[in-house]
Each structure stands twice: as C-alpha cells, then as structure tokens.
Amino acid sequence: MRRKGIKDQVAVIGMGCTRFAEHWDKSVEDLLVEAAYEAFADAGVEPTDIEACWLGTFTSGLAGLTLSGPLKTQYLPVTRVENMCATGSEAFRNACYAVAAGAYDMVLAIGVEKLKDSGYSGLAVTGPDSDGTAPDITAPAAFSFLAPAYFNKYGLDSEQGKEVLARIAWKNHRNGSLNPKAQFRSEVPIESILKSPTVAAPLGIMDCSGVADGAAAAIIVRAEDAHKFRKDPMYVKALTIAAGPGDGRLRQDFDFTSIRENVWAAKDAYQQAGITEPRKQISMAEVHDCFTPTELVIYEDLGFSERGQAWRDVLNGVFDLEGELPVNPDGGLKSFGHPIGASGLRMLYEMWLQFQGKAGKRQLDNPKIGLTHNLGGFPWQCVSFISIVGKEIG
Ligand code: COA
C-alpha cells in the first residue's frame, strides 16, 4: 500500500458543533443551521463565501436538499454522503479532497443526525430477517464478543477484564463532565459502572455509548490561503478509510481481539502523515468508543499500545487527560452519544478546540498532532476511518 495523500494541502479555518443531547425541541434543519453558523462565525466568513458542501447523514435526510433548504445555499453543489458510523468523517474527507484538487477555494463539511425522535436504540434490529447465513445481531452484542476474546487471549479473568473496561468508561465520563457540549456531563464512579444493568454480557449500559441528536461542521480552504482567514488554522496531514472485505466471521485467524480495518487504516494514515512512532508523535486522539472493549482493541490496532498491553496501559492511566497520550479528551461517544452523521466531525471539533487552547477545563498542554478514528459496522465487517491533523505545517 502506498498512497500519496494530501498532507498539508488543505486546512480548517472554522468549526461549529451543537450540544449533543436529546433535542426534542429542535429539527434536523435547526441543528444544521446552528452548527453551520457557528462555523461561519468562527471562520469570520459569510455563508455566501462557501462554494460547495458535503453533508453526512445516515438516516436523517436524503440528498443534498437536506442542507440546501435550511442553509439556502442557492444552487450550490451539495453532496450527501453515507458510510455507516463513519458518515461525518466521510463528509470531511470528500470536502478536503475537492479543495485539494483545486475545484473549490472554500467548502463546508457538515454532519447531522436526529436519532431520538426515530426511536433508534442499539437494541433494535431493523430490516427483514436474513437468509440465516448472516448473524442477526445488535451492535452491543456484536462488540461484546471483543471482551471475552481479549480477556482469554491475554490472561485476564472476567473480574479484572470488567475493571479495565470500567476504567475506560470512567475516563470518558470524567472527560465529558468537563465538556459543556456533551450529552452526559456527570462523572460516574467505577463501582456504578461495574453495577450497571447488563445490555449484552459482559457489557452493561455504562459500557455503551448513548443515543443522541447533534450536528457539527467544518470550513475548509487550501493551506496556502488559510492565513488570510486566521493565524491558527488546523492542517490536514492524512485522511483514509479502509472498507474491509467483510470476511472476518469466515476466517480462522479472526479472533475478535483486533479489527483488521483499523490496522489497515492506521498503516495508511501513518504513512501519509509520516508517523512512525504513534504513541510518541501523536499528542491526542478521539477514537470510536461505541463500546468500551472497542476502545481497548483500538489502542492496540492503532499502535498506541503493544499487543496484549493495552489493558495495563488503561489501568496505568496512559490514556487519561493527564496521561502520556490522552484519548477521547472531549468525553468520546460515551459522553456525547452517537448521532451517526455528526460524530466524525465532533471528533475533529475537539482537535480544533485543543489546538486553539479553547478546550476549557480539559485543555491539554500544547498539543501538536491529533488523530481521529471513526468506525462503522461490526468487528468482522466494517469501514474504519482515520484522520491526522496538526497545528503546524510540516
Ligand atoms: N451511558 C450512560 N447513561 C445512559 C446510557 C449510556 N449509554 N444510555 C442511557 N443512559 C441513561 C439515560 O440518560 C437515562 O438516565 P436518567 O434516567 O437519569 O434520565 C437512563 O440511562 C435511561 O435512559 P434510556 O434512554 O431509557 O436508556 P435505554 O435503556 O433506552 O438505552 C442503551 C440504553 C444502552 C440501550 C442505549 O444507550 C443504547 O442503545 N446504546 C448503544 C447505542 C448503539 O448501539 N450505537 C451504535 C454504536 S456502533
């Protein structure tokens, strides 16, 4: 694999993000307008400066009309994209490529989802029954398999294993308690996490991300133009998405302790950005903690921990806000919930705030390189997105 990528060719000059919550009183249109106008104000540009838009949504609208109506974009091209839970990241990726290609000077990437009104839950299985050859399974159940597989392979008994998972949930809720835009803004004691009602054994409610509504947006220009708008843009170093062949459940060597698409995506993104020692070179990461064991496996798939060592790193606080490599400083999906089309851009929004020193009580000490990871599908069959972004060119 050798892809050139678009390192340092495009930059973000403004971002916006609604609070992620149960927005019973707001429509999809309201959320889109709120996120977009926050981004316009942040960048100091007018809506009419935008030349094209990419909209990510999984189920909250069809076609570009979902955005062109509320934003009154007046006949601009608006492309609606969908790539399961990586939908918001996919909107960003495509928008960046259009600017890098020279087709546009300034574009908008925006993602939205309004799940609460839809009745969506991780426990509902939608669609007709399959022919019996594909598992008919919920998301919590699919990701629950990672936990016993990891515990068995690396010699943790179930009690130790649950403690490791609870430590991940505790960290993310702690970070979320410092974030005014998170859905859940309370710290949760480890004992409560361990006692939370079972959803898909061994996972309890506190091992699951929540269900929320929200939107997030980014304005992208060519890197060479970014300083015309602000002194502190965010540069894109790498963008990648690995769509797997979907054969995990048929392979003898697929053992539920690693997600192959993550490994492929990480290798590609690191090559594009010139990262050789991820744990040292990356200052912070937002990863797809749809369930606590997913975050555990991601640490190893992305090279943040050696194989079989992530559980020790978790207990040693390596990924805490004060740790060597803070992961999910904004509170992650655990605290924000997962409005599917918005999550990928919400992760980039945290990178943006952190680089600018605007992350309030969860501000990290001068982060230089950030990574976002956004996964869609099941462990044996998924798409895995990674972006690497930086504060400086080079
Ligand atoms: N984490 C923390 N608290 C949660 C929570 C979660 N994941 N889910 C619900 N809660 C809280 C609610 O805020 C509420 O608190 P309150 O009583 O103080 O207001 C309480 O638990 C009950 O909420 P409710 O909405 O009735 O929960 P639920 O039982 O309908 O949903 C889950 C719980 C776990 C089923 C739901 O959060 C879920 O489906 N999560 C997974 C989503 C998913 O699969 N996404 C795809 C990822 S790939």
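Numbers for the structure displayed
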quantity	calculated
Residue in the stretch 26-45 that is most open to solvent (accessible area, probe 1.4 Å), counting only those that are farther than 13 Å from Ile13 by Cβ and outside any helix (DSSP H, G or I)	Lys26
Any hit, the stretch 260-278, residues being without any contact (Cβ under 8 Å) to a residue 12 or more places away in the chain and open to solvent by 10 Å² or more (accessible area, probe 1.4 Å)	yes
Matching option when the condition is more than 10 Å from the ligand (Cβ to nearest atom), β-branched (Val, Ile, Thr) and either modelled with pLDDT of 95 or more or within 30 Å of Ala359 (Cα to Cα) (or both), among Ile205, Ile137, Ile190	Ile190
Tabulated pairs, the stretch 123-142, first closer than 17 Å to Val199 by Cβ, second assigned to a loop (DSSP other than H, G, I, E, B) and open to solvent by 100 Å² or more (accessible area, probe 1.4 Å), C-beta under 6 angstrom, 6+ apart or interchain	Thr138/Leu123
Index of the failed condition, Glu224 passing every other in (1) open to solvent by less than 30 Å² (accessible area, probe 1.4 Å); (2) away from the ligand (no atom under 16 Å from the Cβ)	(1)
Qualifying residue in the stretch 208-222 (condition: among the hydroxyl-bearing types (Ser, Thr, Tyr) and farther than 20 Å from Ser384 by Cβ)	no
Looking only at the stretch 193-202, and only at residues there that are open to solvent by 70 Å² or more (accessible area, probe 1.4 Å) and part of a loop (DSSP other than H, G, I, E, B), the one that is nearest to the ligand (Cβ to nearest atom)	Pro197
Residue within the stretch 341-358 that is part of a loop (DSSP other than H, G, I, E, B), at pLDDT 95 or above and hydroxyl-bearing (Ser, Thr, Tyr) present	no
Residues satisfying the stated conditions in the stretch 121-178, i.e. among the small types (Gly, Ala, Ser), assigned to a loop (DSSP other than H, G, I, E, B), open to solvent by less than 60 Å² (accessible area, probe 1.4 Å) and within 27 Å of Gly317 (Cβ to Cβ)	Ser177
Some residue of the stretch 204-227 being of a type outside the set (S, T, N, Q), more than 30 Å from Ala35 (Cα to Cα) and in contact (Cβ under 8 Å) with a residue 12 or more places away in the chain	no
Test: residue in the stretch 82-92 that is among the hydrophobic types (A, V, I, L, M, F, W, C) and over 21 Å from Ala269 (Cα atoms)	no
Residue that is closer than 30 Å to Ser27 by Cβ and not assigned by TED's automatic domain parsing to the domain that holds Ala310, where the choices are Ala226, Ala217	Ala217
All helices (runs of 4 or more DSSP H) inside the stretch 232-338 with 3 or more residues being hydroxyl-bearing (Ser, Thr, Tyr) and in the same structural domain as Pro379 (by TED's automatic domain parsing)	292-301
Any hit, the stretch 290-302, residues being open to solvent by 40 Å² or more (accessible area, probe 1.4 Å), more than 16 Å from the ligand (Cβ to nearest atom) and modelled with pLDDT of 95 or more	no
Hits in the stretch 10-25 (condition: out of contact with any Gly (no Cβ under 8 Å at 6 or more places or on another chain) and surrounded by fewer than 20 Cβ atoms within 10 Å (Cβ to Cβ))	Glu22, Trp24, Asp25
Complete set of residues in the stretch 208-221 that are open to solvent by less than 10 Å² (accessible area, probe 1.4 Å) and within 16 Å of the ligand (Cβ to nearest atom)	Ala212, Asp213, Gly214
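The values are calculated or read from the model by the stated rules, or taken from the named source; none is laboratory data. Owing to the predicted nature of the structure, the values given are computational and were not obtained by experimental measurement. No Cβ is skipped: glycine too gets one built from the backbone with ideal geometry, and neighbour counts run over all protein chains shown. With ligands, DNA and RNA removed, areas are computed over all heavy atoms of the protein, side chains included. Shrake-Rupley method; radii C 1.70, N 1.55, O 1.52, S 1.80 Å.
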